[in-house]
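Below is one structure, written out as structure tokens, with a few remarks after it.
Read-outs throughout are calculated quantities, based only on the coordinates presented, and are distinct from any laboratory measurement. Remember, it's a predicted structure, so these values are computed and weren't measured experimentally. Positions of Cβ are generated from backbone atoms using ideal geometry, with glycine treated the same way; all protein chains shown enter the neighbour counts.
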Amino acid sequence: MNRAVLDSIRNAAPGILPSLLQCDFGNLQTEVERLVAAGTEVLHLDVMDGHFVPNLTYGMPIVEGLRRHTDLPLDVHLMISDPLAYAQPMVDAGADLLTFHIEAVDSAEHAARVAHSIREMGVGAGVAINPETSMDTLGDCLDEVDMVLVMSVQAGFGGQSFNPIALDRIRQLRQRYPELLIEIDGGINLETIGRARQAGCDLFVVGSAIFGQDDYSAAIASLGRAMVDEMISDSVATDESGDSR
Ligand code: DX5
Ligand code: ZN
């Protein structure tokens with residue numbers, strides 16, 4: 001298990017992870033350079049199979065191509081029906097953290113086995129959950145993973161609106177698993193990032209709010225400020241109300 005890369009992902013928290021779903025795929029190298037110049041520490045890659053979700057994106061060749069252009073950790077979000085069928089090829093292509101969906105496996109026990117197999121391949125394992133899926137389906141599998149990805153949109157497309165159900169989920173998870181790495185994905189922008197941070201989230205996947213802007217550095221810097229501002233305004237409000245912290 002490559003703990004060093006997993007540690008560098010942990011150390012990026014609280015961190016903004018650009019999702020390369022809406023980038024310019026004709027200029028991937030330039031896109032990565034722009035993101036690195038903007039201070040990106042981890043890249044989020046959305047792999048969709050046209051079956052688990054209705055959208056189809058890319059597979060190992062893009063992951064492998066990115067690996068040749070950057071040393072940044074690659075956080076690969078597998079929106080595919082059979083995660084284990086592609087786990088080893090993804091690791092060989094250069095993935096550092098593989099996140100599969102709880103909806104793609106039969107049970108929490110199955111999820112724990114998939115996570116165990118992924119970890120045996122020498123990378124981190126994450127489990128993702130869609131907003132419409134009950135948290136009960138996760139069972140005890142969170143004891144076996146390095147990260148939980150709380151979806152704040154139904155997996156499949158960029159540019160959807162944020163579903164606040166994710167905030168309650170993050171709060172509950174943070175309380176129950178103080179050390180667990182928690183990531184949020186979908187509809188994260190200047191209005192929502194602070195609320196997610198306040199709820200206890202570590203990693204924030206962002207697509208439209210970066211790639212819809214001309215200046216990635218300015219977009220990422222604004223998101224970073226919005227994340228912190230909410231924490232500050234919250235602590236001021238708590239002080240003023242006289243609550244103990
Ligand atoms: C959705 C993907 C996301 C998506 C986020 O299924 O997992 O990573 O690209 O895009 P925005 O930030 O536009 O919601
Ligand atoms: Zn994603």
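For the range 24-32, the criterion of being out of contact with any strand residue (DSSP E or B) (no Cβ under 9 Å at 6 or more places or on another chain) and β-branched (Val, Ile, Thr) is met by at least one residue.
Looking across 56, 84, 20, one residue alone is farther than 21 Å from residue 145 by Cα, of a type in the set (A, V, I, L, M, F, W, C) and surrounded by 15 or more Cβ atoms within 10 Å (Cβ to Cβ). It is 20. Cβ separations smaller than 7 Å between residues 6+ apart or across chains give the following pairs from the range 179-194 residues that are in contact (Cβ under 8 Å) with a residue 12 or more places away in the chain to residues that are of a type in the set (Ser, Thr, Tyr) and more than 15 Å from ligand 2 (Cβ to nearest atom): 187/161; 190/222. Would it be correct to say that residue 97 is touching a residue at least 24 places away in the same chain (Cβ under 8 Å), within 15 Å of ligand 2 (Cβ to nearest atom) and out of contact with any Cys (no Cβ under 6 Å at 6 or more places or on another chain)? Yes, satisfied.
I need a count of the residues in the range 63-82 that are part of a helix (DSSP H, G or I), within 16 Å of ligand 1 (Cβ to nearest atom) and free of Cβ contacts under 8 Å to residues at least 40 places away in the same chain. Step through it out loud before you land on a result.
Residues of the range 63-82 that are part of a helix (DSSP H, G or I), as a first pass: 63-69.
Then keep just the ones that are within 16 Å of ligand 1 (Cβ to nearest atom); that gives 63, 66.
So of that shortlist, the ones also free of Cβ contacts under 8 Å to residues at least 40 places away in the same chain come out as 63.
Of the residues in the range 63-82, 1 are part of a helix (DSSP H, G or I), within 16 Å of ligand 1 (Cβ to nearest atom) and free of Cβ contacts under 8 Å to residues at least 40 places away in the same chain.
Can you tell me which residue within the range 143-161, out of those that are surrounded by fewer than 21 Cβ atoms within 10 Å (Cβ to Cβ) and more than 8 Å from ligand 1 (Cβ to nearest atom), is farthest from residue 49 (Cα to Cα)? Taking the candidates together, the pick is 143.
Of all residues being without any contact (Cβ under 8 Å) to a residue 40 or more places away in the chain and not aliphatic (A, V, I, L, M) in the range 138-160, which is nearest to residue 81 (Cα to Cα)? Just the residue, please. Only one residue tops the list, namely 154. Note on the range 145-228: enclosed helices (runs of 4 or more DSSP H) holding 2 or more residues that are touching a strand residue (DSSP E or B) at 6+ places or on another chain (Cβ under 8 Å) and more than 15 Å from ligand 2 (Cβ to nearest atom) are 165-176, 193-199.
Looking across the range 10-41, just one residue is under 24 Å from residue 196 (Cα atoms), in contact with a Cys (Cβ under 9 Å, 6 or more places away or on another chain) and part of a helix (DSSP H, G or I), and that is 35.
One line per residue, one yes/no per condition, for (1) at negative phi; (2) among the small types (Gly, Ala, Ser):
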position	(1), (2)
50	no, yes
53	yes, no
59	yes, yes
63	yes, no
68	yes, no
85	yes, yes
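Within the range 122-132, how many residues turn out to be surrounded by fewer than 17 Cβ atoms within 10 Å (Cβ to Cβ) and more than 14 Å from ligand 1 (Cβ to nearest atom)? Of the residues in that region, 1 qualify.
For the residues 7, 106, 92, the requirement of being outside any helix (DSSP H, G or I), surrounded by fewer than 18 Cβ atoms within 10 Å (Cβ to Cβ) and free of Cβ contacts under 8 Å to residues at least 40 places away in the same chain singles out 106. Among the conditions (1) within 14 Å of ligand 1 (Cβ to nearest atom); (2) out of contact with any Pro (no Cβ under 8 Å at 6 or more places or on another chain); (3) closer than 25 Å to residue 139 by Cα, the only one that residue 85 does not satisfy is (1).
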